[in-house]
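The values are calculated or read from the model by the stated rules, or taken from the named source; none is laboratory data. Note that the structure is a prediction, hence the values are computed from the model and not measured. Here the Cβ positions follow ideal geometry from the backbone for every residue, glycine too, while neighbour counts run over all protein chains shown. Protein only, heavy atoms only, side chains kept; ligands, DNA and RNA dropped before computing areas. Shrake-Rupley method; radii C 1.70, N 1.55, O 1.52, S 1.80 Å.
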Amino acid sequence: MKVGIVGAGAIGLLYGANLAEHADVILFTRRKEQAELLVEKGLLIDGQYCQVAAQEVSGLSKRAADLDLLILTMKSYQLAEFLPILSLLPKNLPLLFLQNGVAHLKWLADCPQETILVGSSEHGAIRENDYMVLWRGKGRTNFSVFKGSLPDYLRHFFQQTDTNFPFIRKATVEQVLREKWFINLIINPLTAAFLCPNGDLLTNLDYQAETQALVQEVTPLFQAEASFEKIQTICVQTASNWSSMAEDVRKGRKTEIEGILRPALEAGREQGVLLPRLTLLYHLIKGKEGEKHA
Ligand code: KPL
(Lines give C-alpha, C1' and ligand atoms only; values in the text may rest on other atoms or scores of the structure.)
Protein backbone atom coordinates (compact mmCIF):
# COMPACT_ATOMS: atom_id res chain seq x y z
CA MET A 1 0.00 0.00 0.00
CA LYS A 2 1.39 3.40 -1.01
CA VAL A 3 -0.07 6.56 0.48
CA GLY A 4 0.75 10.05 -0.78
CA ILE A 5 0.13 13.03 1.49
CA VAL A 6 0.03 16.54 0.10
CA GLY A 7 0.92 19.17 2.67
CA ALA A 8 3.49 18.69 5.42
CA GLY A 9 2.13 20.96 8.12
CA ALA A 10 1.11 19.58 11.54
CA ILE A 11 -1.68 17.36 10.18
CA GLY A 12 0.29 16.13 7.13
CA LEU A 13 3.25 15.15 9.32
CA LEU A 14 0.98 13.53 11.94
CA TYR A 15 -0.80 11.37 9.33
CA GLY A 16 2.51 10.58 7.63
CA ALA A 17 4.04 9.32 10.87
CA ASN A 18 1.02 7.23 11.90
CA LEU A 19 0.33 5.71 8.49
CA ALA A 20 4.01 4.88 7.91
CA GLU A 21 3.53 1.88 10.24
CA HIS A 22 1.07 0.35 7.77
CA ALA A 23 2.05 1.72 4.35
CA ASP A 24 4.81 3.30 2.32
CA VAL A 25 4.23 6.99 2.80
CA ILE A 26 5.40 9.76 0.54
CA LEU A 27 4.98 13.36 1.66
CA PHE A 28 4.63 16.01 -1.04
CA THR A 29 5.88 19.36 0.23
CA ARG A 30 5.59 22.88 -1.13
CA ARG A 31 9.24 23.66 -0.32
CA LYS A 32 12.19 21.64 -1.62
CA GLU A 33 14.18 22.20 1.61
CA GLN A 34 11.46 20.51 3.67
CA ALA A 35 11.45 17.43 1.43
CA GLU A 36 15.25 17.25 1.66
CA LEU A 37 15.16 17.48 5.46
CA LEU A 38 12.49 14.76 5.72
CA VAL A 39 14.58 12.43 3.56
CA GLU A 40 17.80 13.22 5.41
CA LYS A 41 16.51 13.15 9.00
CA GLY A 42 13.33 11.07 8.73
CA LEU A 43 10.07 12.21 10.26
CA LEU A 44 10.09 12.49 14.06
CA ILE A 45 6.86 12.18 16.00
CA ASP A 46 7.27 12.99 19.70
CA GLY A 47 10.97 12.30 19.14
CA GLN A 48 10.41 8.89 17.51
CA TYR A 49 11.81 8.19 14.07
CA CYS A 50 9.60 7.13 11.14
CA GLN A 51 10.84 6.50 7.68
CA VAL A 52 8.96 8.32 4.95
CA ALA A 53 9.76 9.37 1.43
CA ALA A 54 9.35 13.02 0.53
CA GLN A 55 9.56 15.23 -2.50
CA GLU A 56 8.36 18.56 -3.82
CA VAL A 57 4.71 18.63 -4.81
CA SER A 58 5.69 19.58 -8.36
CA GLY A 59 6.70 15.91 -8.79
CA LEU A 60 3.29 14.56 -7.78
CA SER A 61 1.87 13.96 -11.24
CA LYS A 62 4.85 11.70 -12.12
CA ARG A 63 4.47 9.60 -8.92
CA ALA A 64 0.67 9.48 -8.79
CA ALA A 65 0.26 6.29 -10.85
CA ASP A 66 2.08 4.33 -8.07
CA LEU A 67 -0.21 5.56 -5.29
CA ASP A 68 -3.20 3.73 -3.77
CA LEU A 69 -4.48 6.75 -1.86
CA LEU A 70 -3.76 10.49 -1.87
CA ILE A 71 -4.55 12.47 1.28
CA LEU A 72 -4.87 16.24 0.93
CA THR A 73 -4.09 18.00 4.19
CA MET A 74 -3.42 21.57 3.11
CA LYS A 75 -5.59 24.42 4.43
CA SER A 76 -8.81 25.02 2.51
CA TYR A 77 -7.59 28.37 1.13
CA GLN A 78 -4.52 26.57 -0.32
CA LEU A 79 -6.66 23.88 -1.90
CA ALA A 80 -8.16 26.22 -4.51
CA GLU A 81 -4.76 26.73 -6.16
CA PHE A 82 -4.16 23.00 -6.14
CA LEU A 83 -7.32 21.91 -7.97
CA PRO A 84 -5.86 22.20 -11.51
CA ILE A 85 -3.13 19.70 -10.51
CA LEU A 86 -5.78 17.18 -9.41
CA SER A 87 -7.24 17.15 -12.89
CA LEU A 88 -3.87 15.82 -14.17
CA LEU A 89 -3.84 12.84 -11.77
CA PRO A 90 -5.22 9.36 -12.56
CA LYS A 91 -8.99 9.10 -12.32
CA ASN A 92 -8.74 5.84 -10.37
CA LEU A 93 -6.63 7.36 -7.58
CA PRO A 94 -8.83 7.70 -4.47
CA LEU A 95 -8.59 11.09 -2.75
CA LEU A 96 -9.20 11.87 0.90
CA PHE A 97 -9.73 15.55 1.71
CA LEU A 98 -9.01 16.61 5.30
CA GLN A 99 -9.78 20.33 5.50
CA ASN A 100 -11.42 22.26 8.33
CA GLY A 101 -14.66 24.13 7.69
CA VAL A 102 -17.09 23.60 4.85
CA ALA A 103 -15.91 26.09 2.22
CA HIS A 104 -13.96 23.47 0.21
CA LEU A 105 -16.99 21.21 -0.46
CA LYS A 106 -18.12 23.26 -3.45
CA TRP A 107 -14.89 22.46 -5.33
CA LEU A 108 -14.94 18.71 -4.92
CA ALA A 109 -17.67 17.98 -7.45
CA ASP A 110 -15.29 19.21 -10.18
CA CYS A 111 -12.53 16.71 -9.33
CA PRO A 112 -12.36 14.02 -12.03
CA GLN A 113 -11.35 11.22 -9.62
CA GLU A 114 -13.85 8.36 -9.26
CA THR A 115 -13.51 7.94 -5.49
CA ILE A 116 -13.56 11.00 -3.27
CA LEU A 117 -13.62 10.77 0.52
CA VAL A 118 -14.12 13.71 2.82
CA GLY A 119 -12.79 13.51 6.33
CA SER A 120 -12.18 15.54 9.44
CA SER A 121 -9.47 15.10 12.01
CA GLU A 122 -10.02 15.34 15.75
CA HIS A 123 -6.31 15.05 16.51
CA GLY A 124 -4.31 17.83 18.06
CA ALA A 125 -0.85 18.27 16.56
CA ILE A 126 1.85 20.90 16.44
CA ARG A 127 4.58 21.08 13.84
CA GLU A 128 7.80 21.82 15.71
CA ASN A 129 9.83 22.26 12.56
CA ASP A 130 10.00 20.88 9.02
CA TYR A 131 10.48 17.27 10.13
CA MET A 132 9.26 17.12 13.75
CA VAL A 133 5.68 16.92 14.93
CA LEU A 134 4.19 16.71 18.42
CA TRP A 135 1.00 14.68 18.85
CA ARG A 136 -0.91 16.75 21.37
CA GLY A 137 -4.20 14.89 21.53
CA LYS A 138 -5.47 11.62 20.13
CA GLY A 139 -8.78 11.69 18.38
CA ARG A 140 -10.39 10.01 15.41
CA THR A 141 -10.55 10.64 11.70
CA ASN A 142 -14.20 10.69 10.71
CA PHE A 143 -14.82 10.25 7.02
CA SER A 144 -17.53 9.60 4.50
CA VAL A 145 -17.76 8.90 0.80
CA PHE A 146 -18.47 12.05 -1.24
CA LYS A 147 -18.29 10.29 -4.62
CA GLY A 148 -17.88 6.65 -5.76
CA SER A 149 -17.53 3.80 -3.30
CA LEU A 150 -14.92 2.75 -0.78
CA PRO A 151 -12.62 0.09 -2.32
CA ASP A 152 -12.11 -3.06 -0.21
CA TYR A 153 -8.35 -2.49 0.09
CA LEU A 154 -8.98 0.92 1.67
CA ARG A 155 -11.60 -0.46 4.05
CA HIS A 156 -9.02 -3.04 5.10
CA PHE A 157 -6.29 -0.40 5.42
CA PHE A 158 -8.44 1.79 7.68
CA GLN A 159 -9.23 -1.27 9.84
CA GLN A 160 -5.50 -1.98 10.20
CA THR A 161 -4.70 1.47 11.58
CA ASP A 162 -7.63 1.30 13.97
CA THR A 163 -6.10 0.61 17.40
CA ASN A 164 -3.85 3.65 17.54
CA PHE A 165 -5.15 5.85 14.78
CA PRO A 166 -8.82 5.13 14.09
CA PHE A 167 -10.71 6.03 10.91
CA ILE A 168 -14.47 6.03 11.49
CA ARG A 169 -16.86 5.89 8.56
CA LYS A 170 -19.98 8.04 8.91
CA ALA A 171 -23.13 7.86 6.85
CA THR A 172 -22.91 11.29 5.23
CA VAL A 173 -20.34 13.95 4.40
CA GLU A 174 -22.60 16.55 6.04
CA GLN A 175 -22.40 14.64 9.31
CA VAL A 176 -18.59 14.51 9.12
CA LEU A 177 -18.11 18.14 8.26
CA ARG A 178 -20.84 19.76 10.33
CA GLU A 179 -19.73 18.09 13.55
CA LYS A 180 -16.14 19.18 13.00
CA TRP A 181 -17.22 22.60 11.75
CA PHE A 182 -19.07 23.18 15.01
CA ILE A 183 -15.96 22.18 17.01
CA ASN A 184 -13.68 24.46 14.98
CA LEU A 185 -16.20 27.29 15.05
CA ILE A 186 -16.04 27.35 18.85
CA ILE A 187 -12.51 26.28 19.78
CA ASN A 188 -10.47 27.87 17.01
CA PRO A 189 -11.52 31.55 17.17
CA LEU A 190 -11.71 31.61 20.98
CA THR A 191 -8.23 30.12 21.43
CA ALA A 192 -6.93 32.45 18.69
CA ALA A 193 -8.47 35.48 20.44
CA PHE A 194 -7.38 34.47 23.97
CA LEU A 195 -4.07 33.09 22.66
CA CYS A 196 -4.29 29.98 24.77
CA PRO A 197 -4.15 26.19 24.37
CA ASN A 198 -7.44 24.31 23.94
CA GLY A 199 -7.64 23.08 27.55
CA ASP A 200 -7.73 26.67 28.90
CA LEU A 201 -11.23 27.06 27.46
CA LEU A 202 -12.35 24.80 30.31
CA THR A 203 -9.87 25.49 33.11
CA ASN A 204 -9.97 29.30 32.92
CA LEU A 205 -13.46 30.07 34.20
CA ASP A 206 -13.75 33.38 32.34
CA TYR A 207 -12.85 31.65 29.08
CA GLN A 208 -15.21 28.81 29.94
CA ALA A 209 -18.12 31.24 30.38
CA GLU A 210 -17.37 32.77 26.95
CA THR A 211 -17.12 29.29 25.42
CA GLN A 212 -20.51 28.32 26.81
CA ALA A 213 -22.02 31.59 25.61
CA LEU A 214 -20.65 31.06 22.09
CA VAL A 215 -22.05 27.51 22.01
CA GLN A 216 -25.43 28.92 22.99
CA GLU A 217 -25.22 31.66 20.36
CA VAL A 218 -24.59 29.25 17.45
CA THR A 219 -27.02 26.55 18.65
CA PRO A 220 -29.88 27.74 16.38
CA LEU A 221 -27.61 27.05 13.37
CA PHE A 222 -26.55 23.57 14.48
CA GLN A 223 -29.59 22.41 16.50
CA ALA A 224 -28.91 19.04 18.15
CA GLU A 225 -25.35 18.91 16.75
CA ALA A 226 -24.38 21.79 19.04
CA SER A 227 -23.33 20.70 22.49
CA PHE A 228 -20.98 22.05 25.10
CA GLU A 229 -20.12 18.43 26.08
CA LYS A 230 -18.66 17.84 22.62
CA ILE A 231 -16.43 20.89 23.06
CA GLN A 232 -15.44 19.69 26.53
CA THR A 233 -14.43 16.28 25.15
CA ILE A 234 -12.17 17.76 22.47
CA CYS A 235 -10.68 20.35 24.85
CA VAL A 236 -9.83 17.57 27.32
CA GLN A 237 -8.42 15.29 24.59
CA THR A 238 -6.29 18.09 23.13
CA ALA A 239 -5.75 20.17 26.30
CA SER A 240 -2.14 21.13 25.70
CA ASN A 241 -2.59 21.64 21.96
CA TRP A 242 -2.84 25.07 20.40
CA SER A 243 -5.63 25.04 17.84
CA SER A 244 -4.55 25.52 14.24
CA MET A 245 -6.04 29.04 14.26
CA ALA A 246 -4.33 30.06 17.51
CA GLU A 247 -1.08 28.71 16.09
CA ASP A 248 -1.58 30.62 12.83
CA VAL A 249 -2.23 33.86 14.72
CA ARG A 250 0.77 33.24 16.98
CA LYS A 251 3.04 32.70 13.98
CA GLY A 252 1.59 35.63 11.99
CA ARG A 253 0.20 33.31 9.29
CA LYS A 254 -3.03 33.48 7.31
CA THR A 255 -5.84 31.71 9.19
CA GLU A 256 -8.84 29.59 8.13
CA ILE A 257 -11.25 32.27 9.33
CA GLU A 258 -12.93 32.51 5.89
CA GLY A 259 -13.53 28.76 5.66
CA ILE A 260 -14.78 28.38 9.24
CA LEU A 261 -16.42 31.61 10.47
CA ARG A 262 -17.66 33.28 7.31
CA PRO A 263 -20.02 30.43 6.25
CA ALA A 264 -21.56 30.53 9.75
CA LEU A 265 -22.05 34.31 9.60
CA GLU A 266 -23.66 33.93 6.17
CA ALA A 267 -25.97 31.18 7.45
CA GLY A 268 -26.87 33.43 10.40
CA ARG A 269 -27.82 36.28 8.04
CA GLU A 270 -29.92 33.94 5.86
CA GLN A 271 -31.73 32.38 8.83
CA GLY A 272 -32.15 35.59 10.83
CA VAL A 273 -29.91 34.36 13.69
CA LEU A 274 -27.98 37.13 15.44
CA LEU A 275 -24.33 36.22 16.05
CA PRO A 276 -22.70 39.17 17.85
CA ARG A 277 -19.94 37.15 19.57
CA LEU A 278 -18.99 35.34 16.38
CA THR A 279 -19.04 38.60 14.41
CA LEU A 280 -16.66 40.20 16.91
CA LEU A 281 -14.34 37.18 16.78
CA TYR A 282 -14.40 37.27 12.97
CA HIS A 283 -13.29 40.92 12.89
CA LEU A 284 -10.77 40.46 15.67
CA ILE A 285 -8.98 37.63 13.89
CA LYS A 286 -9.44 39.08 10.40
CA GLY A 287 -7.99 42.35 11.72
CA LYS A 288 -4.91 40.60 13.11
CA GLU A 289 -4.49 38.78 9.79
CA GLY A 290 -4.86 42.07 7.91
CA GLU A 291 -1.90 43.56 9.81
CA LYS A 292 0.34 40.87 8.26
CA HIS A 293 -1.33 39.93 4.99
CA ALA A 294 -2.75 43.23 3.65
O1 KPL B 1 -9.10 20.76 14.52
C2 KPL B 1 -8.56 21.32 15.43
C3 KPL B 1 -7.74 22.49 15.06
O4 KPL B 1 -6.90 22.93 15.84
O5 KPL B 1 -7.93 22.98 13.92
C6 KPL B 1 -8.79 20.87 16.86
C7 KPL B 1 -9.55 19.54 16.86
C8 KPL B 1 -9.60 21.93 17.56
C9 KPL B 1 -7.53 20.55 17.61
O10 KPL B 1 -6.81 21.66 18.02
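The amide H of residue 54, built 1.01 Å from its N in the peptide plane, has 27 as neighbours under 5 Å, considering only residues 5 or more places off or on other chains.
Suppose we look only past 37 Å in the calculated P(r) of the chain. What percent of the Cα-Cα pairs does that tail hold?
Numbers: 4815 of 43071 pairs.
That fraction is 11 percent.
For 39, 102, the ranking by accessible surface with the largest value first comes to 39, 102, using a 1.4 Å probe.
Of all aspartates and glutamates in the structure, the ones whose alpha carbon falls short of 12 Å from that of residue 230, not counting any fewer than 8 places away in one chain, are 122, 179.
Dipole check for the chain: with +1 at the C-beta of Lys and Arg, -1 at the C-beta of Asp and Glu, and the Cα centre as origin, the magnitude is about 340 Debye. Only helices reaching 30 angstrom along their own axis (Cα) with mean Kyte-Doolittle hydropathy no lower than 0.0 count here, and for the DSSP H runs of the chain these are 173-194. Annotation: amide H-H contacts under 5 Å for residue 168 (H modelled 1.01 Å from N, sequence separation of 5 or more, or interchain): 141, 142, 143. Surface calculation, 1.4 Å probe, protein heavy atoms: residue 243 sits at approximately 10 Å² accessible. Shape analysis of segment 206-286 based on the Cα gyration tensor places the equivalent ellipsoid semi-axes at 21, 18, 11 Å, largest first.
Suppose a student asked you for the relative contact order of the chain, using Cα pairs under 8 Å spaced at least 6 residues apart; what percent would you report? Don't jump to the answer; show the numbers that get you there.
Values: 553 pairs, mean separation 45.5, N = 294.
With pairs under 8 Å counted, the relative contact order is 15 percent.
How would 277, 250 rank on accessible area, largest to smallest, probe 1.4 Å?
On the way: 277 90, 250 125 Å².
Largest accessible area first, the list is 250, 277.
Listed by chain and number, the lysines whose C-alpha is less than 23 Å from the C-alpha of residue 32, apart from same-chain residues fewer than 8 away, are 2, 41, 62, 75, 251, 254. For segment 63-194, the C-alpha radius of gyration sits at 1.08 times the compact-globule guess of 2.2 N^0.38 Å, with N the residue count.
Compute, for segment 177-293, the length of the dipole vector about the Cα centre, with Cβ point charges of +1 (Lys, Arg) and -1 (Asp, Glu) only. Units Debye, rounded to 20. Kindly include the intermediate steps, with their values, before the conclusion.
Numbers: 13 positive and 15 negative charges, 67 e Å.
Roughly 320 debye, rounded to the nearest 20.
Extension gain, residue 41-residue 23: 0.36 nm per intervening residue step, less the Cα-Cα distance, totals 4.6 nm.
Counting only lysines at least 8 places from residue 147 when in the same chain, those with an alpha carbon closer than 17 Å to its own are 91, 106, 170.
With a cap of 16 neighbouring Cβ atoms within 10 Å, and only residues DSSP puts in a loop, list the GluC sites (Glu not before Pro) found in segment 63-157. Don't skip to the end; give the middle numbers.
Numbers: sites: 81, 114, 122, 128; in loops: 114, 122.
Those that pass, being in a loop and sparsely packed, are 114.
Ordering 285, 11 from largest to smallest accessible area (1.4 angstrom probe), what's the sequence?
On the way: 285 0, 11 45 Å².
Accessible-area ranking of 285, 11, largest first: 11, 285.
Computed 3J(HN,Hα) for segment 125-140, one whole-Hz value per residue from the Karplus formula 6.51 cos²θ - 1.76 cosθ + 1.60 where θ = phi - 60°, is 8, 10, 7, 6, 7, 4, 10, 10, 10, 10, 8, 9, x, 8, x, 10, glycine and proline marked x.
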